[in-house]
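The values are calculated or read from the model by the stated rules, or taken from the named source; none is laboratory data. Treat the numbers as computed from the prediction; the structure is a model and nothing was measured. Here the Cβ is made from the backbone with ideal geometry for all residues, glycine too, and neighbour counts use every protein chain on show.
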Amino acid sequence: MFCLLAGTLFGLFRSAGLKRREMLLLEITQLLESMAVQIRYRALPLAELFGALNGSEFLETVGAGFHARPNINYRDAWNNAVDSFSELAEEREILLSIGNSLGGSDVSGQIAMLELNKELLQKRLGAASETAQKKGAMYRSVGLLTGLGLAIMVI
């Protein structure tokens, strides 16, 4: 019985990891869109920009990193947040380039950078959704069947 449970849980955890990546990418693309709107219409500096946005797990991680160390700037806090999400390893370079570009140009340059990276991440989001759907079902099935097979072998 333990083998069946272990196999099933393994499959569920692997499937949940794929779904989490999809949800994080969706959250970050929405965050980039909100940032572009805030920069375009309110021309907020970075400190106020991050304060005006909320409701994002990624952004909360950026904020926590910023408030935990008073000497850190928003770019470093962003880059540290990117490194803390192992699910986003494939998107790491894109996200780091966003962090390094924030506040580094005029309003139109920042908006163009955010929109470009949002489009890149939306393509990755589509692929992540497809992967989560296909491989998620496979992981759940293989986990269950492996656990069932091991349980039968033990009996």
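So how many residues does the stretch 1-46 have that are out of contact with any helix residue (DSSP H, G or I) (no Cβ under 7 Å at 6 or more places or on another chain) and either under 23 Å from Ile111 (Cβ atoms) or small (Gly, Ala, Ser) (or both)?
So the answer is 7.
Let's see how each residue does on (1) in contact with a strand residue (DSSP E or B) (Cβ under 9 Å, 6 or more places away or on another chain); (2) surrounded by 19 or more Cβ atoms within 10 Å (Cβ to Cβ); (3) of a type outside the set (A, V, I, L, M); (4) in contact (Cβ under 8 Å) with a residue 60 or more places away in the chain:
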site: Ala6; (1), (2), (3), (4): no, no, no, yes
site: Gly11; (1), (2), (3), (4): no, yes, yes, yes
site: Leu25; (1), (2), (3), (4): no, yes, no, yes
site: Tyr41; (1), (2), (3), (4): no, no, yes, no
site: Ala68; (1), (2), (3), (4): no, no, no, no
site: Asn71; (1), (2), (3), (4): no, no, yes, no
site: Ala77; (1), (2), (3), (4): no, yes, no, no
site: Ala112; (1), (2), (3), (4): no, no, no, no
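(1) assigned to a helix (DSSP H, G or I); (2) under 25 Å from Ile39 (Cβ atoms); (3) without any contact (Cβ under 8 Å) to a residue 60 or more places away in the chain: which one isn't true of Gln133, the others all being true?
Of everything listed in (1) assigned to a helix (DSSP H, G or I); (2) under 25 Å from Ile39 (Cβ atoms); (3) without any contact (Cβ under 8 Å) to a residue 60 or more places away in the chain, Gln133 misses just condition (2).
Residues that are modelled with pLDDT of 80 or more and among the hydrophobic types (A, V, I, L, M, F, W, C), at least 2 per element: which helices (runs of 4 or more DSSP H) completely within the stretch 1-117 meet that?
2-42, 74-84, 92-101
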